[in-house]
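Note sheet for the following structure.
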Amino acid sequence: MNLNEEIRADLEAHAEESYRRFASSLLPGEQSMLGVRLPYLRKMAKSIARQDWRAYLASASDASFEEIMLQGLVIGCAGCTLEERLSLTAAFVPKIRNWSVCDSFVARLKVSAGDLSRVWEFLQPYLNSGKEFEQRFAIVVLLDYFIREDWLQAVLQTLDTVSLTGYYAKMAAAWTVAECFAHYPDETFPFLQNNHLDDDTYRKALRKITESRKVSPDTKQIIREMRKARNV
């Protein structure tokens with residue numbers, strides 16, 4: 001039995017039908033899910049990362065949701081240089097076809113402060129690709145790693161100018177704007193007053209702000225009035 005066959009057998013042994021039904025309901029159109037919980041996939045990824053993970057990634061199967069997720073998790077925890085990780089990321093991003101793989105993958109990348117300039121450069125083609133999940137990938141990286149005082153205006157300007165494609169890219173942008181406001185309300189408020197976000201993204205951003213526990217009731221009322229003023 002080769003490595004891919006061993007991994008598939010392990011996944012099938014830990015698959016839960018009830019969980020598969022539940023998780024599939026959150027990912028419309030995903031037909032290949034086995035039903036393995038994310039904590040076990042993370043455990044598998046750490047084990048693979050301690051072995052010949054390069055050989056694994058070179059021949060890894062894309063047959064199921066979990067096998068694709070596992071590749072992303074291995075890339076995130078493998079010991080390698082930033083440039084190698086970015087190269088592996090570039091090969092992986094085209095495999096992302098849902099928000100779950102996207103967001104779990106990005107969360108495991110663990111971008112350090114010293115890497116931000118290089119990662120920003122790396123993200124530009126994805127932000128401007130016009131492809132829904134490539135854009136979501138790039139925007140979730142901004143959300144997870146770039147909401148910092150020194151990068152805030154660059155993030156907001158990028159979201160203001162990029163042409164968003166698809167529901168999941170727009171949701172990521174709205175979520176990012178809301179988090180910018182939650183962390184830096186004074187700096188983000190002018191952006192909420194004057195921006196070029198499409199109505200769907202703007203409406204979702206304002207709604208997320210009003211749902212945030214980090215935002216005061218008085219501020220939430222101001223945000224609701226802004227939504228009325230723009231009629232969204």
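The values are calculated or read from the model by the stated rules, or taken from the named source; none is laboratory data. Everything numeric here is computed off the predicted structure, so don't read it as measured data. Backbone-built Cβ (ideal geometry, glycine too); neighbour counts: all protein chains shown.
In summary, VAL162 fulfils each of the numbered conditions (1) more than 15 Å from the chain's Cα centre (by Cα); (2) more than 23 Å from PHE189 (Cα to Cα); (3) not assigned by TED's automatic domain parsing to the domain that holds ALA58 with the single exception of condition (2). Does LEU34 satisfy the condition of being aliphatic (A, V, I, L, M) and under 20 Å from the mean Cα position of the chain (by Cα)? Here the answer is no, as LEU34 does not meet what is asked.
When restricted to residues that are surrounded by 13 or more Cβ atoms within 10 Å (Cβ to Cβ), within 15 Å of ARG97 (Cα to Cα) and either touching a residue at least 12 places away in the same chain (Cβ under 8 Å) or of a type in the set (Asp, Glu) (or both), segment 24-36 contains 4.
Screening the candidates ARG136, ARG148 for the property of being exposed (fewer than 15 other Cβ atoms within 10 Å of the Cβ), under 18 Å from the mean Cα position of the chain (by Cα) and modelled with pLDDT of 95 or more yields one hit, ARG148. If you go through segment 132-142 one residue at a time, do you hit one that is charged (D, E, K, R) and farther than 18 Å from SER163 by Cβ? Within segment 132-142 (the criterion being charged (D, E, K, R) and farther than 18 Å from SER163 by Cβ), the answer is no, since none of the residues qualifies. If you check LEU41, LEU3 for being buried (at least 17 other Cβ atoms within 10 Å of the Cβ), of a type outside the set (Phe, Trp, Tyr) and touching a helix residue (DSSP H, G or I) at 6+ places or on another chain (Cβ under 8 Å), only one passes: LEU41.
The residues on offer are ASP199, ASP160, ASP186, and the sole one that is surrounded by 14 or more Cβ atoms within 10 Å (Cβ to Cβ) and either at pLDDT below 95 or acidic (Asp, Glu) (or both) is ASP160. Of the residues making up segment 164-183, those that are of a type in the set (Ser, Thr, Tyr) and at pLDDT 95 or above are TYR167, TYR168, THR176. Restricted to helices (runs of 4 or more DSSP H) entirely inside segment 1-71, those with at least 1 residues that are within 25 Å of ALA90 (Cα to Cα) and of a type outside the set (Lys, Arg) are 3-13, 38-49, 53-59. Please determine whether any residue of segment 169-189 is farther than 30 Å from THR81 by Cβ and not in a helix (DSSP H, G or I). Scanning segment 169-189 turns up at least one residue that is farther than 30 Å from THR81 by Cβ and not in a helix (DSSP H, G or I).
Taking every residue in segment 52-69 that is more than 21 Å from SER32 (Cβ to Cβ) and pairing it with any residue that is in a helix (DSSP H, G or I), at least 6 positions away or on another chain, the pairs with Cβ-Cβ distances below 8 Å are TRP53/VAL74; ALA55/LEU3.
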